[in-house]
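The values are calculated or read from the model by the stated rules, or taken from the named source; none is laboratory data. All of these numbers come straight from a predicted model, not from anything done at the bench. Reconstructed Cβ throughout: ideal geometry from the backbone, glycine too, with neighbour counts over all protein chains shown. Only protein heavy atoms, including side chains, enter the accessible area calculation; ligands, DNA and RNA are left aside. Shrake-Rupley method; radii C 1.70, N 1.55, O 1.52, S 1.80 Å.
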Amino acid sequence: QVQLVESGGGLVQPGGSLRLSCAASGSIFRRAAMGWYRQAPGKQRELVAQIAAGSSTNYADSVKGRFTISRDNIKNMVYLQMNSLKPEDTAVYYCNLQWSVVNSWGQGTQVTVSS
């Protein structure tokens, strides 16, 4: 069973930066696609960024040029560097792992962008 633990959320002013981290257990990490999703109050969960096992990336249009997803297959970690944060980025951010029939989620970390 895969376990995902996010960290790095918090309160930041508009224009600021945060780096989210996700630690994954298990041996399938390096074969899995990893993603960051977010869910704001009253809204559906949406994809923010994905990184494939081969490290190709995909971003939501709303975060392109501001957010960067990366992975470390030695440490079983995935990161989301968030720059130029906006109030509309406020949400709970979830780490996701997908491989074969496995689709695992972390518990989420709150990101609040406010002055």
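Rounded to the nearest 0.05, what FRET efficiency do residue 112 and residue 5 have when you use their Cβ-Cβ distance and R0 = 25 Å? Intermediate results must be reported in sequence, preceding the final value.
Values: r = 20 Å, r/R0 = 0.79.
With R0 = 25 Å, the Cβ-Cβ based efficiency is 0.80.
Between the range 76-115 and the range 13-38, how far is it from one alpha carbon centroid to the other, in angstrom?
Cα centroid of the range 76-115 versus Cα centroid of the range 13-38: 6 Å apart.
Note down the Stokes-Einstein diffusion coefficient of the chain in µm²/s, whole number, using a Kirkwood radius over alpha carbon pairs, 10 °C, and 1.306 mPa s.
Numbers: Rh = 14.0 Å.
Result for D is 113 µm²/s.
Can you give me the accessible area per residue for the range 18-84, using a 1.4 Å probe, in Å²? Walk me through the numbers on the way to the answer.
Details: 3420 Å² over 67 residues.
Per-residue accessible area for the range 18-84 comes out at 51 Å².
Report in % the part of the accessible area of the range 44-115 that belongs to carbon and sulfur, leaving out ligands and nucleic acids; probe 1.4 Å. Let's see the in-between values first.
Working: 1730 of 3740 Å².
Reported share for carbon and sulfur atoms: 46 percent.
Just 69, 28, 51 to compare: in a GNM of the chain, with alpha carbon springs under 10 Å, which one fluctuates most?
Ranking 69, 28, 51 by mean-square fluctuation puts 28 first.
How high is the relative contact order of the chain? Use alpha-carbon pairs under 8 Å, at least six apart in sequence, and give a whole percent. Don't skip to the end; give the middle numbers.
On the way: 276 pairs, mean separation 42.2, N = 115.
The normalised contact order for the chain reaches 37 percent.
Go ahead and set up a Gaussian network model of the chain, Cα springs under 10 Å, then flag whichever of 38, 66, 30 fluctuates most.
Among 38, 66, 30, the largest mean-square fluctuation in the Gaussian network model of the chain belongs to 66.
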